[in-house]
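The values are calculated or read from the model by the stated rules, or taken from the named source; none is laboratory data. Since we're looking at a predicted model, the values are computed, not measured. Note: ideal-geometry Cβ built from the backbone for every residue, glycine included; neighbour counts use all protein chains shown. These area figures cover heavy atoms from the full protein model, side chains too; ligands, DNA and RNA do not enter into them. Shrake-Rupley method; radii C 1.70, N 1.55, O 1.52, S 1.80 Å.
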Amino acid sequence: MLSVLYQCKDTKKSDPIETIINKKKKAVEKKLEEEKKIEKAWDSLNSKNTEAFLTEFGKQNTATKILIKTDFGKIKIRLYEDVPIHRANFVFLTKINYFNTTVFYRVAKNFVIQGGNSDEIYTQKERRKYGNYLLKPEFRKKRSHKYGALAAARQWEKNPNKLSSPFEFYIVHQRNGAHHLDNEHTVFGEVVAGFDTMDKISKVKVGQDEWPINDVKMTVEILN
């Protein structure tokens, strides 16, 4: 009788030690698989999978607060959630430290300050690595080029679909806004603090091409 009971019990429940070992093994395997997926996804962004990659990246990285640091002070940015591709793209580039070797390369006083590019080898290398991909516009009626608006730069010639550059951005410095650019460039964020820093940058000496005589370097980090 005891033998029968033991056999029934044995068939219904596995050895406790074996169960613990299996759970740990599965946990380790799951972690390795997740790390493998993250590594694969991190390196897979290109011009053919841009929207799919950034959509998934955006789901996993929900940050909306960004800090730009310069020698003139800090600029705090809020990214809009209703432009998911542009938001995710800016967060992605921030996470890979792309912006940290770029500069504000155009300073048009009382209009815009524009950045996200430089002559640095690393900057150009990163752009080539991901295939100089482009972003589809995400125009929103309630998003305008008001003072402090953050928007994506783009090529105007041979660009009928108004595709955004993923790397270069500008901030509106005109107090009355730059509303002639509404629905021409995607607005994907706004300055929430650091307007005095923008004013300081706007006063730097520039050449005829509006490129500052002395580089206005930046570092960009995620606040949340």
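Mind listing whichever residues of the stretch 153-171 are open to solvent by less than 40 Å² (accessible area, probe 1.4 Å), under 22 Å from Tyr98 (Cα atoms) and in a loop (DSSP other than H, G, I, E, B)?
Just the residues of the stretch 153-171 that are open to solvent by less than 40 Å² (accessible area, probe 1.4 Å), to begin with: 153-154, 159, 164-171.
Still in the running and under 22 Å from Tyr98 (Cα atoms): 153-154, 164-171.
Correct list: Ala153, Arg154, Ser165, Pro166, Phe167, Glu168.
Annotation: Thr101 fulfils all but one of (1) in contact with a Gly (Cβ under 9 Å, 6 or more places away or on another chain); (2) among the β-branched types (Val, Ile, Thr); (3) more than 20 Å from Thr55 (Cβ to Cβ); the unmet one is (1).
Would you check which residues across the stretch 129-152 are in contact with a Pro (Cβ under 9 Å, 6 or more places away or on another chain) and open to solvent by 60 Å² or more (accessible area, probe 1.4 Å) and list them? Result: Asn132, Leu134.
Looking at Thr197, Thr219, which is the one that is among the hydroxyl-bearing types (Ser, Thr, Tyr), open to solvent by 40 Å² or more (accessible area, probe 1.4 Å), modelled with pLDDT of 95 or more and over 20 Å from Tyr80 (Cα atoms)? Working first, answer last.
Numbers: Thr197 fails: open to solvent by 40 Å² or more (accessible area, probe 1.4 Å).
Testing whether each residue is among the hydroxyl-bearing types (Ser, Thr, Tyr), open to solvent by 40 Å² or more (accessible area, probe 1.4 Å), modelled with pLDDT of 95 or more and over 20 Å from Tyr80 (Cα atoms) leaves just Thr219.
Number of residues in the stretch 172-202 that are more than 15 Å from Lys142 (Cα to Cα) and in a loop (DSSP other than H, G, I, E, B) equals 5.
Sort out which residues of the stretch 197-208 are in contact (Cβ under 8 Å) with a residue 60 or more places away in the chain and out of contact with any Pro (no Cβ under 9 Å at 6 or more places or on another chain), and write them in order of number. Can you show your working first?
Of all residues in the stretch 197-208, those in contact (Cβ under 8 Å) with a residue 60 or more places away in the chain come to 197-198, 200-204, 206.
Across the stretch 197-208, the qualifying residues are Thr197, Met198, Lys200, Ser202, Lys203.
Looking only at residues in the stretch 110-128 that are more than 16 Å from Leu93 (Cβ to Cβ) and free of Cβ contacts under 8 Å to residues at least 24 places away in the same chain, the one that is surrounded by the fewest Cβ atoms within 10 Å (Cβ to Cβ) is Ile121. Any idea which of Lys95, Lys48, Lys69 is open to solvent by 40 Å² or more (accessible area, probe 1.4 Å), closer than 23 Å to Pro137 by Cβ and basic (Lys, Arg)? Just a single option satisfies the conditions, and that option is Lys48.
Evaluate the following for Thr101: is it open to solvent by 30 Å² or more (accessible area, probe 1.4 Å), over 14 Å from Val191 (Cβ atoms), of a type in the set (Val, Ile, Thr) and at pLDDT below 95? Steps first, please.
Working: open to solvent by 30 Å² or more (accessible area, probe 1.4 Å): yes; over 14 Å from Val191 (Cβ atoms): yes; of a type in the set (Val, Ile, Thr): yes; at pLDDT below 95: yes.
Criteria met by Thr101.
Out of all the residues in the stretch 51-67, which are outside any loop (DSSP other than H, G, I, E, B) and touching a helix residue (DSSP H, G or I) at 6+ places or on another chain (Cβ under 8 Å)? Explain how you work it out, then say what you get.
Residues of the stretch 51-67 outside any loop (DSSP other than H, G, I, E, B): 51-60, 65-67.
Within the stretch 51-67, Glu51, Phe53, Leu54, Thr55, Glu56, Phe57, Gly58, Ile66 meet the criteria.
Checked against (1) touching a residue at least 40 places away in the same chain (Cβ under 8 Å); (2) assigned to a loop (DSSP other than H, G, I, E, B); (3) open to solvent by less than 60 Å² (accessible area, probe 1.4 Å), Asn224 meets all criteria but (3).
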